[in-house]
Amino acid sequence: MSQAIPISAATPEGAHPFPHRHLTGIFGLQPWEITFLLDEAEQWVELNRQSSKHDDRLAGLTQINAFFEASTRTLLSFEIAGKRLGADVVNMHAAQSSVKKGETLIDTAVTLNAMRADVIVIRHQASGAVQLIADKVDCPVLNAGDGWHEHPTQALLDALTIRRRKGALEKQRVAICGDILHSRVARSNILALTALGAEVRVIAPPTLMPAAIDRLGVTPFTDFDAGLDGADVVMMLRVQNERMQGGFIPSSREYFALYGLTRERLERAAPGALVMHPGPMNRGVEIASDIADDLERSAITEQVEMGVAVRMACLDVLTRQQRGVEGWA
Amino acid sequence: MNPLTITGGTLVDPVGGSVLPGDIACADGKIVDSAPDSAKSIDAGGLHVAPGIVDLGCFAIDIPAFAAGGITRVALMPDQSPAIDEPAMVQHAAAAGKPTVWVHPLAAATQALNGEELTEIGLMQRAGAVAVSTGRQRIADSGLMHRLLSYAAALDLMVITHAEDEGLSRHAVATDGETATRLGLPSGPAISEAMAIARDVMLAEDTGAHVHFRTVTTARGFDLIREAKARGVHISCGITPGHLLLCDVDIGAYRTFAKLSPPLRSAEDRDAALVALADGTIDVICSGHDPQGPEAKRLPYADAEPGMSGAETLLTLSLGLVRDGHIDMARLFALLSRNPATLLGVDGGAMSAGSAADLVIFDADAPWRVDTMNMASSAGNTPFDELPVQGKVVHTIKGGQSVDRPPS
């Protein structure tokens, strides 16, 4: 695998590789800080492919996964990442928590803090909720998705997947397609990919395109075929069923006809274009099954694999200060 | 009531449009030509003396904040708990501020502000309501709004409405644009406001009713108001310092204190508001005073309540508009006092003998810093926290009597 690093992504001399207490988003990260996390993740990709997948650098630390919004794969990925690093991992599901009894988010944060968590991973349905908690606790906070705002580890795992497949991110033409408006995955990916020098296009029906999206340094398309033209990477987003009952889109069959990724459509993209999806997929709605299952073209299972490695890297890096790692204390 | 003489002031007269050195005398709650020698005297020492502020559309009776802000009359929004939707509620609310501040309750246009059934606005008028208000939202049903305006016109009651189209703004907590997109906040297009204004301008024209748009914030909205006024339609509009001085960028990283209603607009719309202020399109500057505690504001942005605690910074922030040359001092007090008093049909905003002796004495240059932790208001939810400002109220005088000095 190539390790070519874009020029803009080299850590400047004297700069700390990652001077952030929390990871609430890609926003605010320097290109070389993103690259640093990707580089750190490489060792965990290797470890995770061994029969013994254990490292105990987080032994004795408590990792709380506070998930206020239902999740299976992201929660599992963070849990596996923490356990492989030796942390004591505790999952808090909103459905079982006092949040349902009307406790405020701040009170919940104070409670988690009083239990002396060493790192808190948070998913919440409201944009900005993770920052709100991060401001109130003493330990590092990792955003596992907040509303429509950011999902930074998803963007990191996507960047790592592209880098490993394509060698570099610089000048890669990446088309992000689907429900951009409601997607934290799209926002974090736009920030990460543009920071690393990729040329990013977003493709969506006009009803699912955020206002002024071009101000984020991307080119918007409402015509799927035009947006796909020459793309090196095609990143499909999940479209939730409730958006396809007439409110935003007339029907799922019309959506598939206009914005679904099929083999014929993919011909428009560059030869060998990589197909990605953050999951879970709606087969036959945004992506045809034969594409999703094509191991040559689809990187979808690889994304899941990279997810664990990237989350291990983030957990390791964010806890270095409290572990007294040299250069981080 | 003890007579009072204020000497050595710089008198701001929004009626005559003058700002001149002079003395002013008060007796029996009114401004008089001269007070007896026994009158108590205040030496203004060159400070400005102006008519007390008439704040058109506050959500809470917050007497310390009003006193600190030089506010002597307040039109209280009907969005109380329960809503001001019957005569007894009007009488009760009207007594709440005396003697420090006179509260003029606005009658809810619909029962419990549900937007569906009209209230007894005629009886509420007799009980002391000076105008009718649709509350935090407009009335979505155009037919009902048409009937309300016809009915209110016959009673010569002004109808104060909110200008946002509910279809475009129901789930919106911000205005469409780069900031909302970056933050991932539900947003609506700025034309939501102009669409609401367009409808109500037509209804006002058709019924002859006087419609006041409490807070207008967009270029398209001001264009419609300007054009309708030129055509002779009986409409007026207001704005808050928050909407004149801030734009959506000021939401920053989910600062819920900057969550207002209507939401903060683009910088271009904010600039259009300054133009509309200077050219006379805007009639009123009001505080929109809406104190909210942490239980309503320390929440994720979309879940937090809108509104700012604005009474005690209303004059200070507005004085910045004079310093920056957008308007002159006399025009400022037309916007803060004379115009709202005239719209509501209450005594105020004048410096001539026979007018209410409601006055504010202020030092237009005194520097201070806004501090949410140290406010006279019952809550410190201001987006202007830590802003260095100039202009401080020294005395608020209601009916010729000095109200307790605000904390310095």
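The values are calculated or read from the model by the stated rules, or taken from the named source; none is laboratory data. Since the structure is predicted, the reported quantities are computational estimates derived from the model, not experimental observations. All Cβ positions, even for glycine, are placed from backbone atoms using ideal geometry, and neighbour counts span all protein chains on display. Side chains included, ligands, DNA and RNA excluded: accessible areas come from the protein's heavy atoms. Shrake-Rupley method; radii C 1.70, N 1.55, O 1.52, S 1.80 Å.
Buried (at least 19 other Cβ atoms within 10 Å of the Cβ) and at positive phi: is that true of residue B:208 in this structure? Criteria not met by residue B:208. Report whether or not residue A:266 is open to solvent by 50 Å² or more (accessible area, probe 1.4 Å) and either within 18 Å of residue A:228 (Cα to Cα) or touching a Cys at 6+ places or on another chain (Cβ under 8 Å) (or both). Taking the combined requirement at face value, the residue does not satisfy it. Residues being in contact with a helix residue (DSSP H, G or I) (Cβ under 6 Å, 6 or more places away or on another chain) and closer than 26 Å to residue A:119 by Cβ are represented in region A:262-278 by at least one member. Please work out which residue is farthest from the chain's Cα centre (by Cα), limiting yourself to region B:149-168 and to residues that are part of a helix (DSSP H, G or I) and touching a residue at least 40 places away in the same chain (Cβ under 8 Å). Looking at the filtered set, the residue picked out is B:150. Within region A:284-297, if we keep just the residues that are without any contact (Cβ under 8 Å) to a residue 24 or more places away in the chain and in contact with a strand residue (DSSP E or B) (Cβ under 6 Å, 6 or more places away or on another chain), the residue that is least open to solvent (accessible area, probe 1.4 Å) turns out to be A:292.
This table checks each residue for (1) touching a strand residue (DSSP E or B) at 6+ places or on another chain (Cβ under 7 Å); (2) modelled with pLDDT of 95 or more; (3) assigned to a loop (DSSP other than H, G, I, E, B).
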site: B:260; (1), (2), (3): no, yes, yes
site: B:270; (1), (2), (3): no, yes, no
site: B:273; (1), (2), (3): yes, yes, no
site: B:276; (1), (2), (3): no, yes, no
site: B:291; (1), (2), (3): no, yes, yes
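Among the residues of region B:328-355, just one is under 24 Å from residue B:34 (Cα atoms), hydroxyl-bearing (Ser, Thr, Tyr) and in a helix (DSSP H, G or I), namely B:337. Tell me, please, whether a residue that is open to solvent by 10 Å² or more (accessible area, probe 1.4 Å), within 14 Å of chain B (Cβ to nearest Cβ) and assigned to a loop (DSSP other than H, G, I, E, B) can be found in region A:202-209. Yes, region A:202-209 contains a residue that is open to solvent by 10 Å² or more (accessible area, probe 1.4 Å), within 14 Å of chain B (Cβ to nearest Cβ) and assigned to a loop (DSSP other than H, G, I, E, B). Cβ separations smaller than 9 Å between residues 6+ apart or across chains give the following pairs from region A:256-267 residues that are closer than 15 Å to residue A:223 by Cβ to residues that are of a type in the set (A, V, I, L, M) and part of a loop (DSSP other than H, G, I, E, B): A:258/A:249; A:259/A:204; A:259/A:239; A:259/A:249; A:260/A:285; A:260/A:288; A:261/A:288; A:265/A:288. Taking region B:3-15 as the range and being more than 16 Å from residue B:52 (Cα to Cα) and out of contact with any Cys (no Cβ under 9 Å at 6 or more places or on another chain) as the test, the residues that pass are B:7, B:8. Total residues in region B:377-408 satisfying the condition of being in contact with a helix residue (DSSP H, G or I) (Cβ under 7 Å, 6 or more places away or on another chain), buried (at least 19 other Cβ atoms within 10 Å of the Cβ) and part of a loop (DSSP other than H, G, I, E, B): the figure is 7. Checked against the criterion of being in contact (Cβ under 8 Å) with a residue 24 or more places away in the chain, more than 13 Å from chain A (Cβ to nearest Cβ) and not small (Gly, Ala, Ser), the candidates B:249, B:284 yield just one match: B:284. Screening residue B:308 against (1) part of a helix (DSSP H, G or I); (2) within 21 Å of residue B:390 (Cβ to Cβ) leaves a single unmet condition, (1). With respect to the conditions (1) open to solvent by 10 Å² or more (accessible area, probe 1.4 Å); (2) more than 23 Å from residue A:27 (Cα to Cα), residue A:182 falls short on a single one, namely (2).
The residue that is farthest from the chain's Cα centre (by Cα), among those in region B:175-196 that are facing chain A (nearest Cβ under 8 Å) and charged (D, E, K, R), is B:182. Residue B:202 falls short on exactly one of the conditions (1) under 22 Å from residue B:332 (Cβ atoms); (2) aliphatic (A, V, I, L, M); (3) without any contact (Cβ under 8 Å) to a residue 12 or more places away in the chain, and that condition is (1).
Among the residues making up region A:109-126, those that are open to solvent by 10 Å² or more (accessible area, probe 1.4 Å), within 14 Å of chain B (Cβ to nearest Cβ) and in contact (Cβ under 8 Å) with a residue 40 or more places away in the chain are A:123, A:124, A:125.
Within region A:142-174, being within 14 Å of chain B (Cβ to nearest Cβ) and open to solvent by less than 20 Å² (accessible area, probe 1.4 Å) holds for A:143, A:145, A:146, A:147, A:150, A:151, A:152, A:154, A:155. In the set A:281, A:312, only one residue is open to solvent by 50 Å² or more (accessible area, probe 1.4 Å), in contact (Cβ under 8 Å) with a residue 12 or more places away in the chain and within 22 Å of the chain's Cα centre (by Cα); that residue is A:281. Candidates in region B:297-336 are the residues that are within 14 Å of chain A (Cβ to nearest Cβ) and in contact (Cβ under 8 Å) with a residue 24 or more places away in the chain; of these, the one that is most open to solvent (accessible area, probe 1.4 Å) is B:298. Six or more apart or on different chains, Cβ atoms under 6 Å: show the pairs whose first residue is in region B:376-388 and free of Cβ contacts under 8 Å to residues at least 40 places away in the same chain and whose second is part of a strand (DSSP E or B). As it stands, the answer is B:388/B:369, since those pairs meet every condition given.
Restricting attention to region B:161-174, the residues that are within 14 Å of another protein chain (Cβ to nearest Cβ) and acidic (Asp, Glu) add up to 0. When the residues of region A:210-243 are filtered to those that are in a helix (DSSP H, G or I) and surrounded by 18 or more Cβ atoms within 10 Å (Cβ to Cβ), the one that is farthest from the other protein chains (Cβ to nearest Cβ) is A:228. Can you confirm whether residue A:129 is touching a Pro at 6+ places or on another chain (Cβ under 7 Å) and within 11 Å of chain B (Cβ to nearest Cβ)? In short, yes. List pairs: first residue in region B:60-71 and under 17 Å from residue B:318 (Cα atoms), second residue small (Gly, Ala, Ser) anywhere in the structure, Cβ distance under 6 angstrom, at least six positions apart or on different chains. As it stands, the answer is B:65/B:311; B:65/B:376; B:65/B:377; B:66/B:311; B:68/B:376; B:69/B:311; B:71/B:311, since those pairs meet every condition given.
Mind checking which residues of region B:1-40 are among the polar types (S, T, N, Q) and either within 17 Å of residue B:348 (Cβ to Cβ) or part of a strand (DSSP E or B) (or both)? Across region B:1-40, the qualifying residues are B:5, B:7, B:10, B:18.
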